[in-house]
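The block underneath contains the structure these notes are about, expressed in structure tokens.
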Amino acid sequence: MMRAPGQDRKGNGKNMERLDKILALHSVGSRREVGALVRRGSVTVNGLPVKKPDVKIDPERDAVCVNGTMLSLHSRVVLMMNKPAGVLSASRDTRAETVVDLLPAQWQRRGLFPAGRLDKDTEGLLILTDDGGLAHRMLAPKSHVSKLYEAELDKPATAQDAAAFAAGLQAGELTCLPAELLLPEAGGATVRVRVCEGKFHQVKRMFHAVGKEVLRLRRLSVGGLWLDPALAPGEARLLTPEEIALIFDSAFRLQI
Ligand code: URA
């Protein structure tokens, strides 16, 4: 027998949320739009058509389909953003615009925060989540999640710089773990660098230590997860469970 929405095997409702709220949180549409969808009969819960937008469901247990497509109703939200330059990697700031300010309204209410920081002038892949455990796992040194950056420098980097990065630089007071500096075959001052730590101004300080200044910095990937090229600066989208797993793909651990 099909379970009624929000009932566990003992028939008790737990972790209950309104269906229209859950649908809106998962970007199916605005609260008004999802209400209309439900009343039209486009939504089923555990295989049964539901006509009331305010019916309570358990997002951890109930199977919700919209027009026949199953939604992934994890209680956590994990987003990738193409961070533009000029915006703070923070949840809220009284004076400056933050990455959370750029999110659509339904995600602003989720208490999302950036998992790791990019400098205000750094662009590219930023993960935002409300899952503290995931953020911790991403950032913990023992996870060895590497990050790949593209850096425009004031002058071309050299093979000597690459060797210094690979050996583990001393950048002022900062002792860096080995990093991979990828020089462009065609020459030029735009390079890629893969690091597995995220200290304050890490990449800029590493280049400064070898006599180069970073003019522009963009993060391309975190672990095996690449920035979606379809995301314009400032745009964000949900990650699929497969994409979240890519962050921890051991093939992208730095092994030098
Ligand atoms: N390294 C930097 O110097 N800045 C960033 O934003 C990220 C890594």
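Once amide H atoms are built 1.01 Å from N in the peptide plane, which residues 5 or more positions from Leu88, or in another chain, come under 5 Å H to H?
Glu97, Thr98, Val99
For the cross-link pairs Lys120/Lys212; Lys83/Lys204; Lys21/Lys120, which exceed 28 Å when the distance is taken from alpha carbon to alpha carbon? Intermediate results must be reported in sequence, preceding the final value.
On the way: Lys120/Lys212 20 Å; Lys83/Lys204 18 Å; Lys21/Lys120 33 Å.
Too far apart for the 28 Å limit: Lys21/Lys120.
Which residues does the label zone of Met70 cover in region 31-47, counting backbone N under 15 Å from a point 7 Å along Cα→Cβ?
Of the residues in region 31-47, 44-47 have backbone N under 15 Å from the label point off Met70.
Take Ala189 and Glu150, extend 7 Å from each Cα along the Cα→Cβ direction, and tell me the distance between the two endpoints in nm.
Label-label distance for Ala189 and Glu150, simple model: 1.7 nm.
May I ask you to give the average projected area over all directions of the convex hull of the Cα atoms of region 135-256, in nm² rounded to one decimal?
Numbers: hull surface 32.8 nm².
Projected area, direction-averaged: 8.2 nm².
If r is the Cβ-Cβ distance from Ala85 to Phe200 and R0 is 22 Å, what FRET efficiency results, to the nearest 0.05?
0.80
Could you list the chymotrypsin sites (Phe, Trp or Tyr not before Pro) in region 160-256 that lie in coil according to DSSP, counting only those with at most 15 other Cβ atoms within 10 Å of their Cβ? All intermediate terms of the calculation are to be shown ahead of the outcome.
Numbers: sites: Phe165, Phe200, Phe207, Trp226, Phe248, Phe252; in loops: Phe200, Phe248.
Qualifying residues, ordered by number: Phe200.
Separation between the Arg216 and Ala63 pseudo-spin-labels, each 7 Å from Cα along Cα→Cβ, expressed in nm?
In this crude label model, Arg216 to Ala63 measures out at 4.8 nm.
Which of the GluC sites (Glu not before Pro) across region 136-175 are loop residues per DSSP, with 15 or fewer other Cβ within 10 Å? Walk me through the intermediate numbers first.
On the way: sites: Glu150, Glu152, Glu173; in loops: Glu173.
Qualifying residues, ordered by number: Glu173.
Could you calculate, for the chain, the ratio of the Cα radius of gyration to the Kirkwood radius, expressed as Rg to Rh? List each step's numbers first, then the result.
On the way: Rg = 22.1 Å, Rh = 20.4 Å.
Computed over Cα atoms, the ratio is 1.08.
Please enumerate, by chain and number, the aspartates and glutamates with C-alpha under 12 Å from the C-alpha of Lys56, excluding those fewer than 8 residues away in the same chain.
Glu17, Asp20
Could you tell me what percent of the accessible area of region 153-227 is made up of carbon and sulfur, with a 1.4 Å probe and every protein chain present?
Details: 2080 of 3720 Å².
Carbon-and-sulfur percentage of accessible area, whole number: 56.
Rounded to whole Hz and in sequence order, give me ³J(HN,Hα) for region 119-127 from the Karplus expression 6.51 cos²θ - 1.76 cosθ + 1.60, θ = phi - 60°, writing x for Gly and Pro.
Residue by residue, region 119-127 yields 4, 4, 8, 8, 10, x, 5, 10, 9 Hz.
Can you give the FRET efficiency to the nearest 0.05 for Gln108 and Ala163, using r as the Cβ-Cβ distance and R₀ = 45 Å? Can you show the working numbers first?
Numbers: r = 46 Å, r/R0 = 1.02.
Here the calculated transfer efficiency is 0.45.
With a 1.4 Å probe and every protein chain left in place, work out the accessible area per residue of the chain in Å², rounded to a whole number. Intermediate values should be presented prior to the final figure.
Details: 13310 Å² over 256 residues.
With all protein chains present, the chain gives 52 Å² per residue.
Keeping the other protein chains in place, figure out the carbon and sulfur percent of the accessible area of region 17-70, with a 1.4 Å probe. Spell out each step's value before the answer.
Working: 1390 of 2810 Å².
C and S atoms contribute 49 percent here.
I need the GluC sites (Glu not before Pro) found in region 17-64, filtered to DSSP loop residues with at most 16 other beta carbons within 10 Å of theirs. Walk me through the intermediate numbers first.
Working: sites: Glu17, Glu33, Glu60; in loops: Glu60.
Counting only loop positions with at most 16 other Cβ atoms within 10 Å, the GluC sites (Glu not before Pro) in region 17-64 are Glu60.
The values are calculated or read from the model by the stated rules, or taken from the named source; none is laboratory data. Everything numeric here is computed off the predicted structure, so don't read it as measured data. Virtual Cβ from ideal backbone geometry, glycine too; neighbours counted across all protein chains shown. Areas reflect the complete protein model, heavy atoms only, side chains present, ligands, DNA and RNA absent. Shrake-Rupley method; radii C 1.70, N 1.55, O 1.52, S 1.80 Å.
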